[in-house]
Amino acid sequence: MRILLVEDSVDDAELLMLALEEGQFAARVHRVETRTQLVSALADGVWDLMICDNNLPDLDATRAIELARAATQSDPLPLPIIVMSGDMELGKMVEVMRLGARDCLDKAALPKLIPVLERELAHARIARELLQARTTLAHQEQYRLTSPLPGSEGLLAHLQGRLENRIGQAAALLLLQPERTSGDSLRRRGPEAWRAWQMVTAQRLAGICGPSDFLAYLDDGSFALVLADGGDASHLAHRAAGLGVVFEAPFLHDGQPLAVACCIGACLLHGLDSPMVALHAATTALCTVLARHQGGYCLHTPELHRDEQRRRALADTLSQALERNEFLLHYQPQVDARSRVVAAEALLRWHHPTLGPVSPLEFIPLLEESGGILEVTRWVLEEACRQVCQWERDGLPAIDIAVNIPARLFGHGELIPMVRFALAASSLLPQRLELEITEGTAIKDKAATLETMAKIRSLGVRIAMDDFGVGYSCLGYLKQLPLDTLKIDRVFVADVVDSETDRNIVRAIIAMGHSLGLQVIAEGIETPAQRDFLANAGCDLIQGYLVSKPLPAGAFGEMLLHAFASPLSL
Ligand code: C2E
Ligand code: MG
Ligand code: MG
């Protein structure tokens, strides 16, 4: 919750902070007191709510609301504004409410503020959800297939008939859906291209169906195929591979060949007692494939069912984790050739109230799917910048801080304002912040990636390529990216002592990084032998369990203090 406070009196601002604290209302408050400061804060556009005084030297509530209107350029005003004043006439109150203020409060009635804020937050949430639902509906309508294929009702009726009459003991249900990224890039070509692809795919799939098979098209954009003779698991995998080839075959649109990667989830119908159980099982398998973000096939099994249940339990509670303060950051040191700690990587941790600690590898993809990754990344950025400044205020050496930025957020319009806000709120020097991106980010959309990277660099913030070597980026492309650091992935470090090939790869990455003027860091260093090899190969920094596991802020501070007094002996 970020509040923009327009208030020139420090005392009144402090009283308000106190009221928020007493009301246990978790919020970050940013105060501005002039017109220029307000315009610049509004341009950042990261506010959930604005509280505004009426009597400022070069501003009153009316002006402030007009400025907010100009900044958001939408009606009704998406930013809830509460006017708080010590001496406001009724006429003025009516005026500001007409202009779009959500409420007017007397400064003497501060306790009223918390219920008003809660009401406004609930209101804003509902408005957001409504907008999202409308957008989704409009989008679905635009992309609906007008195909002669049966829909979900037809599919359920077909499955019902099969299961009731026990026809074809070896039957199987398969759901086929475009892999998300390639589906999205096809959708971006417009509804016409999307429909053309759907029609071609429907025809192609129908062309290879046997007379007893059943093909349907579901509202969520997937094809459902009931194979009369799915056979056993290995036979079904073979059939699925064939279907995948048909699904992924390029098709011509406007003279251009387009292709879409395919995800297939399947279940065997034998032993299942209802169509919904079958649909649920195949959907579970499909979700598993979709989560891998690279297409492929998965057959439903009991273990998959357990995994899916856990996934759901996590996904259901994840949306409240931020509000409930269940996230925290651990910090892992990065040391230079002289074993001095020069930076830390912030690594997110989630302590689930009943399931205990959950790995980021498990919950970050869920956050990405639900869209919650934006708010969590905002929190990580603000918290990491705040913490590194706090260590410095505590008298510890000033180190740099690295924060992971997920590929999905890289082109997001909020990313740059979010980074600017985190820097401004903490007063951290931009060059001490490094954003870690992965090769996946860089290859998604070249022009957009370069533009975002340029904006980040213009702030003075550095960029590191994380997990380097395991992605697919070509060196020619890498050369064009405005990077500062290459992080060698730990898969190459793991075998560096035993594998000549890995040693050669690591030497090549270091040489290449240096020739591009980049700093090179190796992660996952667990043994002195690995450290020695990397130091001899000229690697600039190392990070790994040999130096330290990721630590909570307090323990990291202590480690920093000891390392400062006597450098780490590794
Ligand atoms: P990453 O960014 O490559 O982070 C390094 C991972 O390697 C961390 O795992 C760290 O604990 C682990 N590690 C460090 N040294 C060693 C070592 O010597 N041996 C071994 N075996 N592992 C080592 P962690 O914390 O589980 O994070 C996993 C991944 O989750 C991260 O990989 C990153 O991609 C993602 N992640 C973590 N925090 C965040 C976050 O705040 N935002 C985003 N978007 N992703 C995050
Ligand atoms: Mg990282
Ligand atoms: Mg990494």
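The values are calculated or read from the model by the stated rules, or taken from the named source; none is laboratory data. Just so it is clear, the structure is predicted and the values come from calculations on it, not from any experiment. Neighbour counts are summed over all protein chains in view; Cβ atoms, including those assigned to glycine, are modelled from backbone coordinates with ideal geometry. Note: areas computed on protein heavy atoms with side chains; ligands, DNA, RNA excluded. Shrake-Rupley method; radii C 1.70, N 1.55, O 1.52, S 1.80 Å.
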If residue 178 satisfies every condition in (1) surrounded by fewer than 18 Cβ atoms within 10 Å (Cβ to Cβ); (2) closer than 18 Å to residue 252 by Cβ; (3) within 29 Å of the chain's Cα centre (by Cα) but one, which is the exception? (1)
Please verify whether residue 344 is within 16 Å of ligand 3 (Cβ to nearest atom) and either at pLDDT 95 or above or over 30 Å from residue 519 (Cα atoms) (or both), treating the condition exactly as stated. yes
Pairs with Cβ under 8 Å, 6+ apart, first in region 310-326 and touching a residue at least 40 places away in the same chain (Cβ under 8 Å), second small (Gly, Ala, Ser) and crowded, with 16+ Cβ neighbours inside 10 Å: 318/372; 319/372; 322/372
Identify the residue in region 402-443 that is closer than 18 Å to residue 334 by Cβ and of a type in the set (Val, Ile, Thr) and, among all such residues, is nearest to the chain's Cα centre (by Cα). 405
What number of residues within region 520-539 satisfy the criterion of being of a type in the set (Gly, Ala, Ser), away from ligand 3 (no atom under 14 Å from the Cβ) and assigned to a loop (DSSP other than H, G, I, E, B)? 2
Evaluate the following for residue 229: is it in contact (Cβ under 8 Å) with a residue 60 or more places away in the chain and of a type in the set (Asp, Glu)? yes
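For residues that are assigned to a helix (DSSP H, G or I) and open to solvent by less than 40 Å² (accessible area, probe 1.4 Å), scanning just region 201-228, find the one that is nearest to residue 174 (Cα to Cα). Before you say what the answer is, go through the steps one by one.
Filtering region 201-228 for residues assigned to a helix (DSSP H, G or I) gives 201-208.
After this cut, where a residue has to be open to solvent by less than 40 Å² (accessible area, probe 1.4 Å) as well, the list is 201-202, 205.
Numbers: 201: 15, 202: 14, 205: 12 Å.
Across region 201-228, the extreme among qualifying residues is 205.
Based on what the data block shows, is residue 506 farther than 27 Å from residue 294 by Cα and touching a strand residue (DSSP E or B) at 6+ places or on another chain (Cβ under 9 Å)? Can you show your working first?
Numbers: farther than 27 Å from residue 294 by Cα: no; touching a strand residue (DSSP E or B) at 6+ places or on another chain (Cβ under 9 Å): yes.
For residue 506, the condition - farther than 27 Å from residue 294 by Cα and touching a strand residue (DSSP E or B) at 6+ places or on another chain (Cβ under 9 Å) - is not met.
Do we find that residue 219 is out of contact with any strand residue (DSSP E or B) (no Cβ under 9 Å at 6 or more places or on another chain), in contact (Cβ under 8 Å) with a residue 24 or more places away in the chain and not aliphatic (A, V, I, L, M) in this structure?
On the way: out of contact with any strand residue (DSSP E or B) (no Cβ under 9 Å at 6 or more places or on another chain): yes; in contact (Cβ under 8 Å) with a residue 24 or more places away in the chain: yes; not aliphatic (A, V, I, L, M): yes.
Spelling it out, residue 219 is indeed out of contact with any strand residue (DSSP E or B) (no Cβ under 9 Å at 6 or more places or on another chain), in contact (Cβ under 8 Å) with a residue 24 or more places away in the chain and not aliphatic (A, V, I, L, M).
Yes/no matrix, rows are residues, columns are (1) at pLDDT 95 or above; (2) under 24 Å from residue 543 (Cα atoms); (3) near ligand 1 (Cβ under 9 Å from one of its atoms):
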position: 352; (1), (2), (3): no, no, no
position: 360; (1), (2), (3): yes, yes, yes
position: 372; (1), (2), (3): no, no, no
position: 382; (1), (2), (3): yes, yes, no
position: 410; (1), (2), (3): no, no, no
position: 413; (1), (2), (3): no, no, no
position: 433; (1), (2), (3): yes, yes, no
position: 436; (1), (2), (3): yes, yes, yes
Residues of region 102-121 classified as under 17 Å from residue 3 (Cα atoms), open to solvent by less than 40 Å² (accessible area, probe 1.4 Å) and assigned to a helix (DSSP H, G or I), total: 6
Would you be able to tell me the number of residues in region 313-330 that are surrounded by 15 or more Cβ atoms within 10 Å (Cβ to Cβ), within 16 Å of ligand 1 (Cβ to nearest atom) and not charged (D, E, K, R)? 7
Check residue 129 against each of (1) in contact (Cβ under 8 Å) with a residue 40 or more places away in the chain; (2) of a type outside the set (Lys, Arg); (3) out of contact with any Asp or Glu (no Cβ under 8 Å at 6 or more places or on another chain); (4) open to solvent by 30 Å² or more (accessible area, probe 1.4 Å) and name the one condition it does not meet. (1)
Of residues in region 331-374 being open to solvent by 10 Å² or more (accessible area, probe 1.4 Å) and among the hydroxyl-bearing types (Ser, Thr, Tyr), the one nearest to the chain's Cα centre (by Cα): 370
Residue among 392, 382 that alone is open to solvent by 10 Å² or more (accessible area, probe 1.4 Å) and in contact (Cβ under 8 Å) with a residue 24 or more places away in the chain: 382
Do we have residue 211 as more than 34 Å from the chain's Cα centre (by Cα) and not charged (D, E, K, R) here? yes
Give the residues of region 424-471 that are within 12 Å of ligand 2 (Cβ to nearest atom) and over 14 Å from residue 406 (Cα atoms), sorted by residue number. 468
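Determine, yes or no, whether residue 467 is within 16 Å of ligand 1 (Cβ to nearest atom), without any contact (Cβ under 8 Å) to a residue 60 or more places away in the chain and on the phi > 0 side of the Ramachandran plot. So that I can check it myself, show each step before the final result.
Values: within 16 Å of ligand 1 (Cβ to nearest atom): yes; without any contact (Cβ under 8 Å) to a residue 60 or more places away in the chain: yes; on the phi > 0 side of the Ramachandran plot: yes.
Spelling it out, residue 467 is indeed within 16 Å of ligand 1 (Cβ to nearest atom), without any contact (Cβ under 8 Å) to a residue 60 or more places away in the chain and on the phi > 0 side of the Ramachandran plot.
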